[in-house]
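These notes concern the structure reproduced below.
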Amino acid sequence: MATRLGDESLGNKPLENRSSENTSLENRSSENRSLGNRSDKAGIGEIELLQSPDRPMTADAILEDFTHYFGRLLGRRTIRTRSPYPYQAVVFAVRDRLMERWGKTRMALERNNNRRVAYLSLEFLMGRLLRNALLNLGVEAETREALSRLGLEIEEVYERELDAGLGNGGLGRLAACFLDSCATLSLPVIGYGIRYQYGMFHQRIDNGYQVEEPDPWLREGFPWEVKRFEFAKRIKFGGRTTSYVDSRGETRYLWVDTHDVMAIPYDVPIPGYRNDVCNTLRLWSAAATDAFNLEEFNAGDYGDAVAAKNEAENITMVLYPNAETYNGQELRLKQQYFLASASLQDTIRFWQSLHGDDFAGFADKNVFQLNDTHPAIAVAELMRLLIDELHMGWDEAWDITGRTMAYTNHTLLPEALEKWPVAMFRRLLPRLLEIIYEINARFIAEISHRWPGDSERIRRMSLIQEGDEPMIRMAYLAIVGSFSVNGVAGLHSRLLREGLFRDFAELWPHKFNNKTNGVTQRRWLAACNPGLSDLITEAIGDDWVVDLSQIGRLRDHADDREFQRLWRHVKLANKVRLSRRLTELTGIEVPPAMMFDVQVKRLHEYKRQLLNVLHAVHLYDRIRRGDGDELVPRAIIIGGKAAPGYAMAKRTIKCINNVARVINSDPIMADRLRMIFYPDYNVSAMELICPAADLSEQISTAGKEASGTGNMKFMMNGAITIGTLDGANVEIREAVGEDNFFLFGLNVEEVQAMRGHYRPDDIIDADSDFSRVVKLLESGHFNRFEPGVFDDVLRSIREPSDPWMTAADFRSYVDAQARANAAFRDVDDWTRKSILNTAASGRFSTDRTMRDYNDEIWHADPIVLEV
Ligand code: 26W
């Protein structure tokens, strides 16, 4: 007999049953006059509450609801603009309108029996939600009106929302853009993530150094979320495994003596753009079990009991801020397993609520998309749930797993590839280790069958990396367990097939595919750049909001002088806005007429912020030596966070700040060159920055940036890219044409060819501009009273083994910058290029990306709401 998962959710109390899944808010026929509709059909005491009519989408009704929540729920009388309460009351009013759509979407999902997609991700970098929700619901004007009647400025209210920074960078923001596009396309996709108590740290700059501060984003409450206690799941850790022989003579395994933790879901509504669909982001939060509360507290040792409770709740305390370097911390593995297990149990429980214990159709109706290897343990956990808890045989379980799991890779950097020590697995997840060993044994048998006697190949491909400290290769587990493996840009996917995963691509070529990233134009153009958005809509209509391919029609306006003038006018207004903010943040004045030259992204050596610094010093040097007459006034703006343990990246921030200080305090530079480090760069900062950028810096070493997504946001907002042939830059350049993109640097093949005989010293010596720049930096000109602070950073440039080959691309970069400089002097032509960039951004919408995922991987039918 199969067990129903979740039946013992909390301290063996069956909290979950079919009725709770069906707490439906169905509209009843109008002749029904009672408030509740008692239908004790299954004898489970189910009362369907009759739904009140949908709240009107008018300013009057929004104002009425605002007043209700402000007074009755939040208990306030006076509106103080700085307090969080006006913002919260607006959210509650908006949320009422989302709830109606949310309920209808859930009912449609049950009724349509759609194939459903679970997007599993340790990161969802959502940023602020209010403006986007209003835009998608189509009530921004009404809400603005309602607030203005109270004397409130809607922009001020927007600003009061804290960023939900539950991610590091590109991978997390991509997940957030995906959710917006899936809801807009009516795709049945649920996001599963972790409700970290502390998101991405805040960055303060102190004497040029990054200082990390906690991000207590939940402190004032998160009014969007709905706690769904009844769907709590129990997650096991530790303990040991035992076996027994069941009534049919089969050996079965038990995972016992475990230390359990509860996973409590909090749902966040994800509205589609004006289509009445509302999807769900379900975030899990860790809590101690009830059993713990009762037994251990009563047992007497109160101190130990509280410590154990804290340990349980620690699992979801903080987001790991170490993007692009793997550092095998135990708590991180716990987070990964916690997310995977809770989300899989949730999916299985939902399945059982509709189909009982018949899993025949499960694989046809469910897909799990793994956002990098972070949730890859789901492959083994699904096997465990199917075999141990639902008593399936191995082959049946493996068939289901291999037909439901799909894996997206987001990095080629070897240091980012997750490998967990076998010993850690044995201690934390002993049953999962057994299952991984079994998967590996069968996999190796398959390799031996295909390549008899090729033991070297087995060693290379094994899920277990042998050595003093045997490790589990999570990427390989993900590939073996998935039916689809994709990279995130054309070049990246090719490099995966030819390099990192070559052996696997040879074994299973059909699994490998590309899905080029995108960004949602609703947040990254419509919401963040209303000026440009209106101008575009006046020219070509507003279809682009849901069909970005339409934006290509802007090409017809690229040569129109009047349109160019209006385009410049919007850009200038956005630059004025950013300039004000820069002054607020740093005290530095930045004339809006300058070229805004922007690089914002995580700090990493491969992204080569240092190359940008070298160019800044070069410009400074040219102006000082009287060779700057041709230079357009330029503001170099750099922003981004460094992982707290990444010394080189932190030194680079210090270096940027020191160079900026010297430049900005030199009177000769005033009105000619500014350099600013934008502190605490995050999603909301990008919403202000990308509409104001002229030049977009995408200057990574070729072959290192999987895709990039900031590059797409800048392009969409009319910035022109200066970039290498890396990640999606390749496709951006193809789309916009080589004349409208400043290309420089070695390509992937040239980078590879140069390794081994790279001589940075020779390159520096042979180039007098470069020599002068390096000499200035090495002379201590930018660190007069801080001797040695840049030694490591500067030495890295001279290192023949420098993996990022900064020196190799210096000359080519400076030349490309000179071309950008010349182009900027021709105002009309620059504007034309700017328009053409926006016009060519049609492919880089996540609407296209999600269509690609759905057509080629998920094959889910769109949700059809009842009319
Ligand atoms: C905590 C460990 C960790 C390790 C790696 C966290 C996050 C990562 C990611 C690989 C970092 C990341 O964000 N990768 C980026 O993913 C984007 C979306 O596909 C791409 O556009 C970027 O090129 C890639 O660097």
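Across the chain, the mean sequence separation of Cα contacts (distance under 8 Å, 6 or more residues apart), normalised by length, yields a relative contact order of 14 percent.
When the chain is described by a simple charge dipole with +1 on each Lys and Arg Cβ and -1 on each Asp and Glu Cβ, the residue from Trp544, Thr78, Thr289 located farthest towards its positive end is Thr78. Computed over protein heavy atoms with a 1.4 Å probe, the accessible surface of segment 132-207 works out to 30 Å² per residue.
Taking trypsin sites (Lys or Arg not before Pro) across segment 242-284, the ones in a DSSP loop with at most 15 further Cβ atoms lying within 10 angstrom of their Cβ are Arg248, Arg274. Cross-link partners of Lys654 among lysines, defined as those whose alpha carbon lies under 24 angstrom from its own and excluding same-chain residues fewer than eight positions apart: Lys601, Lys607, Lys641, Lys704, Lys775.
Here the average projected area of the convex hull drawn through the C-alpha atoms of segment 422-494 stands at 6.3 nm².
Checking every one of the GluC sites (Glu not before Pro) in segment 403-482 against DSSP loop status and a limit of 15 other Cβ atoms within 10 Å picks out Glu466. Given a 1.4 Å probe and every protein chain left where it sits, what share in percent of the accessible area of the chain is carbon and sulfur? Roughly 49 percent of what the probe reaches on the chain is carbon or sulfur.
Placing a pseudo-label 7 Å from each Cα along the Cα-to-Cβ vector at Leu73 and Asp855 gives an inter-label distance of 4.1 nm. About its Cα centre, the chain has a charge dipole of approximately 920 debye under the convention of +1 per Lys or Arg Cβ and -1 per Asp or Glu Cβ, with nothing else charged. Across segment 582-636, what fraction of all alpha-carbon pairs, as a whole percent, falls in each successive 10 Å bin from zero upward? Per 10 Å bin, starting at 0, the Cα pair percentages come out as 20, 44, 33, 4. Dipole of the chain computed with +1 at Lys/Arg Cβ and -1 at Asp/Glu Cβ about the Cα centre; of Ala263, Met424, Asn207, farthest Cα towards the positive end is Asn207. Computed over all pairs of different Cα atoms, the Kirkwood value for the hydrodynamic radius of segment 353-433 is 14.3 Å. Ratio of Rg to Rh for segment 602-680: 1.01 [Cα atoms; Kirkwood radius as inverse mean 1/r over pairs].
By the helix-only formula, in which each DSSP H run with n ≥ 4 contributes -39500 (n - 2.57) and the sum is divided by residues, the chain has a 222 nm mean residue ellipticity of -12500 deg cm²/dmol. Positive end of the dipole of the chain (Cβ unit charges, origin at the Cα centre): among Asn658, Leu525, Gly703, the Cα lying farthest that way belongs to Asn658. All Cα-Cα distances of segment 431-543, cut into 10 Å bins from zero to the largest, leave 12, 31, 22, 13, 11, 10, 2 percent in each bin in turn. Where a ≥ b ≥ c are the square roots of the eigenvalues of the C-alpha gyration tensor, would you call segment 304-375 rounded, which needs a/c under 1.5, or, failing that, prolate if a/b is larger than b/c, or oblate? The shape class here is oblate. The Rg/Rh ratio of the chain, with both radii computed over alpha carbons and Rh defined as the Kirkwood radius, is 0.97. The Rg/Rh ratio for segment 314-353 is 1.13, where Rg is the radius of gyration of the alpha carbons and Rh is the Kirkwood radius. Simple point charges give the picture: +1 on the Cβ of Lys and Arg, -1 on the Cβ of Asp and Glu, and for segment 655-718 a dipole about the Cα centre of about 100 debye. Is segment 185-325 best put as rounded, prolate or oblate by its Cα gyration tensor, with a ≥ b ≥ c the root eigenvalues, rounded for a/c under 1.5, and otherwise prolate when a/b is larger than b/c, oblate when not? Oblate, since a/c reaches 1.5 and b/c is not below a/b. Using a cut-off of 23 Å between alpha-carbon atoms, which lysines can reach Lys334, once sequence neighbours fewer than 8 places away in the same chain are excluded? The qualifying lysines are Lys227, Lys233, Lys236, Lys309, Lys419.
Per residue, segment 335-412 exposes 20 Å² of accessible surface when a 1.4 Å probe is rolled over the protein heavy atoms with every protein chain present. Its relative contact order, with pairs defined as Cα atoms under 8 Å and 6+ residues apart, puts segment 245-291 at 35 percent.
How many Å² of accessible area per residue for segment 498-627, probe 1.4 Å?
38
For segment 112-192, averaging the sequence separation of C-alpha pairs within contact (under 8 Å, six or more residues apart) and dividing by the residue count gives a relative contact order of 53 percent. Mind checking the dipole of segment 507-609: about its Cα centre, +1 per Lys or Arg Cβ, -1 per Asp or Glu Cβ, Debye to the nearest 20? Dipole of segment 507-609, to the nearest 20 debye: 580 debye. Post the alpha-carbon centroid distance, segment 538-556 to segment 515-532, in whole angstrom. Here the answer is 13 Å between Cα centres. Heavy-atom accessible area with a 1.4 Å probe sorts Trp394, Trp420, largest first, into Trp394, Trp420.
Taken over segment 56-126, the alpha-carbon convex hull comes to 140 cubic angstrom per residue. Sorted from greatest to least, the principal axis extents spanned by the alpha carbons of segment 813-856 come out as 44, 24, 9 Å.
The values are calculated or read from the model by the stated rules, or taken from the named source; none is laboratory data. Keep in mind it's a predicted model, so treat the numbers as computed, not measured. Backbone-built Cβ (ideal geometry, glycine too); neighbour counts: all protein chains shown. Please note that ligands, DNA and RNA were not included when accessible areas were found on the heavy atoms of the full protein model with its side chains. Shrake-Rupley method; radii C 1.70, N 1.55, O 1.52, S 1.80 Å.
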